[in-house]
Amino acid sequence: MNRFAVLLKKEVREILRARATPLYFLLVSTLLGYSFYTALSLYSTASEAALVSPLYAAGFEPVPGVFTPLFGALFLLESLFLPFLIIPLLALERSRNTLTVLLQLPWSVTAILGAKFLAALLPVLVTTAMTFPAVALWIAWGGHIPWAEWLLLLTGHFLYGSVVVAISLAAASLFGSVGSASIAGLAAIIASWFIDFGRDMHVAPLFELITPWSLTQVVRTYEEGLLATDTCLYLILLALFFLLAAKVLLDPDIRGKGLSIVLVFIVSTGILAPAAHWKWTADLTESGRNSFPARYQRILQAAPDLQIEIFLERTDSRAKDYEKSFLKRLLLAVPNARVRWMAGEQLRDHYGQFVYRVNSREEMTFSNSEEEIFIILAALTGSPPPALSEKEVYPGYPLVTSDTQQRLALLVYLLGVPLLLMTLFFFHRFERTRTGVVHDSKKI
């Protein structure tokens with residue numbers, strides 16, 4: 001066995017020996033169980049009406065209806081509790097000076113940090129795998145799984161978990177104590193929540209600029225079924241940045257650490273800035289809810305220089321509905337479209353209007369109806385008006401589950417999954433005891 005494998009095995013063993021690890025998995029299982037139970041109940045209740053109305057059934061999609069709430073529970077737990085599991089792996093070694101001993105052995109800072117990062121991904125992998133029983137139950141009850149969309153959701157949350165691990169290791173490298181490092185790591189992770197709040201409350205224009213780089217917004221891209229190159233690169237580069245920062249902070253040579261971190265930041269930003277402009281987005285949803293039907297796409301192809309002026313406050317309910325249901329999809333289809341949110345006297349004089357401009361021709365409307373908007377765009381571009389095609393209607397996948405099935409789902413996560421995890425932990429400790437490994441009772 002090579003030296004890095006020995007180091008990795010040691011780090012994995014430290015995670016499995018930590019008393020917080022089984023508690024974390026029990027918490028994950030409990031929250032996943034209640035999230036799955038609640039999602040099943042709501043989906044089933046609404047599906048009863050959809051079974052008799054095919055048009056109503058088109059709104060039932062398994063991933064946003066059932067599995068996104070499930071992964072939302074993982075997002076919350078990874079944000080708030082995972083750092084407290086990862087940070088002691090490094091912070092305790094620093095406080096006990098065992099890290100100094102490791103550095104005197106034939107291991108570099110890079111090898112030690114790499115082993116800790118890979119070992120710390122184990123809880124992320126396990127918690128992600130804990131969503132599989134929900135998938136198995138859903139399929140067993142006759143539910144439909146859009147695999148491309150589900151795998152995208154799985155990948156997005158794994159990448160987010162990797163970023164949380166990297167931030168935790170960087171915080172532990174910066175601070176010597178577990179408490180200080182935990183506060184710093186948690187603050188860095190939940191900073192995205194404050195950015196989103198500032199953007200929604202329109203605290204300052206700065207929040208509008210940095211909101212697209214908020215971790216919550218990036219994860220939401222995966223939850224919406226969008227595969228985007230810029231979000232994937234952003235999460236990967238963000239994790240690498242924090243790992244490089246941790247490597248610099250752990251280096252015994254204290255000279256030029258500040259300059260090294262600044263250089264790491266500049267290089268990461270230099271890579272990310274052009275990557276953000278090289279954007280390729282694919283809608284992996286079966287319903288195509290992030291895309292327009294083909295009859296609309298043809299109209300948009302004839303409007304490459306589309307300009308839109310919106311005379312609404314961003315906090316207006318009509319503006320929020322317009323931005324969420326129409327504008328977001330429009331900017332995915334026509335990235336070069338120019339959108340202006342009007343302000344000042346113009347906003348007051350023309351409040352509620354939408355102005356569309358193509359090839360120096362413009363049309364005004366007060367409606368945010370998608371059908372009417374595309375009739376206007378067709379007239380501006382000289383395209384034939386769109387006609388409804390029945391083939392484009394998404395069938396939907398409603399599913400009614402019984403109370404017994406819903407209680408079974410809850411029981412699996414409250415009893416079955418924890419029992420399996422406790423059995424695995426018991427055999428792991430028993431095997432180590434049987435082979436003569438001495439446990440340190442003071443380990444956390």
When you go through Ala379, Ala319, Ala387 one by one, which is the residue that is touching a residue at least 60 places away in the same chain (Cβ under 8 Å) and either farther than 19 Å from Ala294 by Cβ or outside any strand (DSSP E or B) (or both)?
Ala387
Given the conditions (1) touching a Phe, Trp or Tyr at 6+ places or on another chain (Cβ under 7 Å); (2) part of a loop (DSSP other than H, G, I, E, B), and given that Thr216 satisfies all but one, which numbered condition is not satisfied?
(2)
Does segment 28-58 hold any residues that are surrounded by 15 or more Cβ atoms within 10 Å (Cβ to Cβ) and of a type in the set (A, V, I, L, M), and which are they?
Val28, Leu31, Leu32, Ala39, Leu40, Ala46, Ala50, Ala57, Ala58
Could we say that Ile139 is over 19 Å from the mean Cα position of the chain (by Cα), β-branched (Val, Ile, Thr), farther than 26 Å from Lys247 by Cβ and not in a loop (DSSP other than H, G, I, E, B) here?
yes
Just checking, which of Phe25, Phe60, Phe36 is touching a helix residue (DSSP H, G or I) at 6+ places or on another chain (Cβ under 6 Å) and either of a type in the set (Ser, Thr, Tyr) or part of a loop (DSSP other than H, G, I, E, B) (or both)?
Phe60
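So that you can scan it fast, the table gives a plain yes or no per residue for (1) charged (D, E, K, R); (2) over 23 Å from Ala379 (Cβ atoms); (3) assigned to a loop (DSSP other than H, G, I, E, B); (4) in the same structural domain as Glu224 (by TED's automatic domain parsing):
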position	(1), (2), (3), (4)
Leu300	no, no, no, no
Ala303	no, no, yes, no
Leu312	no, no, yes, no
Lys324	yes, yes, no, no
Leu330	no, no, no, no
Asn336	no, no, yes, no
For segment 90-112, indicate whether the set of residues that are over 21 Å from the mean Cα position of the chain (by Cα), outside any helix (DSSP H, G or I) and within 19 Å of Ala166 (Cβ to Cβ) is non-empty.
yes
Kindly indicate whether Ser180 is modelled with pLDDT of 85 or more, assigned by TED's automatic domain parsing to the domain that holds Leu235 and buried (at least 17 other Cβ atoms within 10 Å of the Cβ).
no
How many residues are in contact with a strand residue (DSSP E or B) (Cβ under 6 Å, 6 or more places away or on another chain) and either among the aromatic types (Phe, Trp, Tyr) or without any contact (Cβ under 8 Å) to a residue 12 or more places away in the chain (or both) if we restrict to segment 340-376?
4
Examine segment 397-405 for a residue that is exposed (fewer than 15 other Cβ atoms within 10 Å of the Cβ), under 30 Å from Gln297 (Cα atoms) and modelled with pLDDT under 95, and state whether such a residue exists.
no
Determine which single condition His439 fails, assuming it passes every other condition in (1) touching a Ser or Thr at 6+ places or on another chain (Cβ under 8 Å); (2) surrounded by 13 or more Cβ atoms within 10 Å (Cβ to Cβ); (3) at pLDDT below 95.
(2)
Within the set of pairs 6+ apart or on separate chains, which have a first residue in segment 163-177 that is at pLDDT 95 or above, a second that is part of a loop (DSSP other than H, G, I, E, B), and C-beta atoms under 7 Å apart?
none
Could you figure out which of (1) without any contact (Cβ under 8 Å) to a residue 24 or more places away in the chain; (2) surrounded by 17 or more Cβ atoms within 10 Å (Cβ to Cβ); (3) under 27 Å from Ala134 (Cα atoms) isn't true of Leu215?
(1)
Of the candidates Leu80, Leu74, Leu125, Leu121, the one satisfying the condition of being in the same structural domain as Arg220 (by TED's automatic domain parsing) and surrounded by 22 or more Cβ atoms within 10 Å (Cβ to Cβ) is Leu74
Does segment 329-351 contain at least one residue that is over 26 Å from Trp280 (Cβ atoms) and touching a Gly at 6+ places or on another chain (Cβ under 6 Å)?
no
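The values are calculated or read from the model by the stated rules, or taken from the named source; none is laboratory data. Owing to the predicted nature of the structure, the values given are computational and were not obtained by experimental measurement. Heads up, the Cβs are rebuilt from the backbone with ideal geometry, glycines too, and the neighbour counts pull from every protein chain shown.
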